[in-house]
Amino acid sequence: MTSLISTVEPEPGSSAGRKSMLEGRPELPSERFPPGQLPRVLRPRDLTVLCLIAVLLINNVQTVGVAGGASLLYWGVGFLGFLVPSALVCGQLYRLFPGEGAVYLWANRAFGNFWDTFLGFFCNWWPGAIGLTVEAEAAVASLQDLNPGWLALPWQQGVAAILVLLAAQSLCALGQRQLQRILNVAMLAYGLMFGLVGLAGLLWLLAGQPLRGDFSAQSWQLNASSLPVLAIVTVALLGMAVPLNMGGEVVDRRRSERYLLWATLIIVAGYLLATFGVLAALSPTELKEATFVSALLTRVFGSDIGYILSNIYYSITFIYFICATAAYNAMFSRLLFVAGLDRRLPGVLARLKANGVPFNAMLLQTALNVAFILVIFFVAPAVPYQELALTVFLVVINGASVIWDIAMISLFLCGILLCGRQGRQPSERWIVPPPLFYLAAGLGIILTGVAIGCTFFAGSPVPEVLNNEDWGFWVLLFVLASLTVGAIYSFLVPEAEDLAALLPSVSETPTLPLPASRPAGGTGPIASSQSGGGGLRHPLRES
């Protein structure tokens, strides 16, 4: 690690490096990581797919749709008050400070020491790392929907979930370009399934059938009781910034912002169309069933065609969620990678395989989730309290969503602080006029605060297992315990000034040849030598 920090020079034309010097803040070692070591292979289309994987989930349609016709209004408020502000803030910050592990870099620039690690790294990474289990569980659920007789016992579900994690880990080892091709195809198939759900509702109405969902005047009323559903919408729309964890791997940084526009449009269309589809053809009782998609397709297309379409749907979702697990592993491993570069985690996490993949960071996340699954499906079922496994899972997942909400509030604050400091920049540097930008960031903070409050006070999702008082206590305990661990870790790691002392100044940095590194697939630029002589093997790259 010492050899890396003592020899590399800033990337030519690095805007992050220049801005950090102008602001008087020390430049992090991760900002001086040599170009070409992480293959630049991500195009706007790829970033769009990664964003859709993070945000677009058919189960959110079911959770929000139970509110009836008003669910369309809730989606609208969520889109305008949270999704669009998230996209604007991410786009503006990435335009000013592009780089790998972008949310961590932005927190460093906005808040400085301690808070960059606590808010930028820990509060973003910890919920995402646990999210691998959610994706693996969704894959297992798709198998069970294919055949209710499969995986009936907890240990069988646990084994299946672990196999999904291992399969996803194998996909991650292929290299980002190869993995991205698989993700693009999987997302296309999953998007078609989203469209099929919406199409089924339209065909139901075109056949002259009545609306079966709750579209009564009472269901459209927005009041204090609507806040829990609005909170669910907000949590469902988390993840716009996740692809920018890989912000240093894009082919063209100027064009990469386009993914925010396209992803926003697709997310809005997908959720509205699918929600209308299920509300058109399913009653409120049917919508609450685990196999609501199968019920929808059978009702609209008949038992025979519906059965075939249902099997196709669940087969595609099973494969998709394996790929989504790999995508989560890849995106959140980049936070471990930059933390390793900055000596805020062991340097072994910053090691790259020959294809530019931080395999060790991915392996750590897989191991963490395997341990979590062992607790849920093997340890918890062995105790007398039979519902412990479900309780642990729900408490951890909802607690993790609160931590992610805290990270989102810090992201909106980053936008306000950093863009406020850049207030004299030319007008063309702004995505939207500054007043509109600050308004959007403020709305995002408000809705995120509503989501946090409702997680604690809206009541237990399983009152028959855990009453409302105990629910709030255990979620709060998990959140506080996690934040305590994160705060202690952030306090103990080196500060940016200490890291900068290990780096030579730009004027003192010798010009060294960088290794030629062609990204996997041969589609990205080659980092050529800046001076004559042979290539230099990077000390963190493994053969």
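The values are calculated or read from the model by the stated rules, or taken from the named source; none is laboratory data. Just so it is clear, the model here is predicted, and its values are computed rather than measured. With ideal geometry, Cβ positions are generated from the backbone for all residues, glycine too; neighbour counts draw on all protein chains shown. Accessible surface areas use protein heavy atoms only, side chains included; no ligands, DNA or RNA. Shrake-Rupley method; radii C 1.70, N 1.55, O 1.52, S 1.80 Å.
Of the candidates THR455, THR484, the single residue that is modelled with pLDDT of 85 or more, open to solvent by 40 Å² or more (accessible area, probe 1.4 Å), within 26 Å of the chain's Cα centre (by Cα) and hydroxyl-bearing (Ser, Thr, Tyr) is THR484. In the stretch 317-337, what residues are open to solvent by 10 Å² or more (accessible area, probe 1.4 Å) and under 9 Å from GLY101 (Cα atoms)? Correct list: empty. Which one is surrounded by the most Cβ atoms within 10 Å (Cβ to Cβ), of the residues in the stretch 55-70 that are of a type in the set (A, V, I, L, M) and at pLDDT 90 or above? Looking at residues that are of a type in the set (A, V, I, L, M) and at pLDDT 90 or above, I get VAL61. Figure legend. Inter-residue proximity from the stretch 340-367: first residues over 18 Å from PHE122 (Cβ atoms), second residues of a type in the set (Val, Ile, Thr) and open to solvent by 10 Å² or more (accessible area, probe 1.4 Å), beta-carbon distance below 7 Å, spacing 6+ or different chains. Indicated pairs: ASN360/VAL348.
When LEU364 is tested against (1) closer than 30 Å to LEU80 by Cβ; (2) at pLDDT 85 or above, only condition (1) is not met. For the stretch 308-324, the criterion of a residue being more than 28 Å from VAL49 (Cβ to Cβ), in contact with a helix residue (DSSP H, G or I) (Cβ under 9 Å, 6 or more places away or on another chain) and either in a helix (DSSP H, G or I) or of a type in the set (A, V, I, L, M) (or both) is satisfied by no position. Checking the conditions here, which among LEU188, LEU183, LEU196 is surrounded by 18 or more Cβ atoms within 10 Å (Cβ to Cβ), within 24 Å of CYS323 (Cα to Cα), out of contact with any helix residue (DSSP H, G or I) (no Cβ under 6 Å at 6 or more places or on another chain) and of a type in the set (A, V, I, L, M)? From the options LEU188, LEU183, LEU196, the qualifying one is LEU196.
Between ARG299, ARG351, the distinction of being open to solvent by 40 Å² or more (accessible area, probe 1.4 Å) and touching a Leu at 6+ places or on another chain (Cβ under 6 Å) belongs to ARG351 only.
Kindly provide the set of residues from the stretch 1-54 that are part of a loop (DSSP other than H, G, I, E, B), basic (Lys, Arg) and either over 30 Å from ASN184 (Cβ atoms) or at pLDDT below 50 (or both), ordered by number. Scanning the stretch 1-54 gives a single hit, ARG25.
Rundown of residues vs (1) closer than 17 Å to VAL134 by Cβ; (2) among the β-branched types (Val, Ile, Thr), yes/no style:
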position	(1), (2)
ALA152	no, no
GLY158	yes, no
VAL164	yes, yes
GLY175	no, no
GLY191	no, no
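Of the residues making up the stretch 148-164, those that are over 30 Å from GLU249 (Cβ atoms) and either modelled with pLDDT of 90 or more or crowded, with 19+ Cβ neighbours inside 10 Å (or both) are TRP150, LEU151, TRP155, GLN156, GLN157, GLY158, VAL159, ALA160. Tally time: how many residues in the stretch 35-57 are within 16 Å of PRO358 (Cβ to Cβ) and either among the charged types (D, E, K, R) or touching a Cys at 6+ places or on another chain (Cβ under 7 Å) (or both)? Looking only at that region, the number is 1. The C-beta contact set for the stretch 58-75 (first residue at positive phi, second residue assigned to a loop (DSSP other than H, G, I, E, B), distance under 8 angstrom, 6+ apart or interchain) comprises GLY68/GLY213; GLY68/ASP214; GLY68/PHE215; GLY68/SER216. When every residue of the stretch 407-420 is checked against the conditions, none turns out to be touching a residue at least 24 places away in the same chain (Cβ under 8 Å), open to solvent by 50 Å² or more (accessible area, probe 1.4 Å), under 19 Å from the mean Cα position of the chain (by Cα) and within 25 Å of GLY340 (Cα to Cα).
Being assigned to a helix (DSSP H, G or I), in contact (Cβ under 8 Å) with a residue 12 or more places away in the chain and open to solvent by less than 30 Å² (accessible area, probe 1.4 Å) holds for only one residue in ALA167, ALA129, and it is ALA129. For the stretch 204-235, the candidate set comprises residues that are of a type in the set (Phe, Trp, Tyr) and open to solvent by 50 Å² or more (accessible area, probe 1.4 Å); within that set, the residue that is farthest from ALA70 (Cα to Cα) is PHE215.
Looking at ILE312, ILE316, just one residue is touching a residue at least 24 places away in the same chain (Cβ under 8 Å) and under 29 Å from ALA160 (Cα atoms), and that residue is ILE316.
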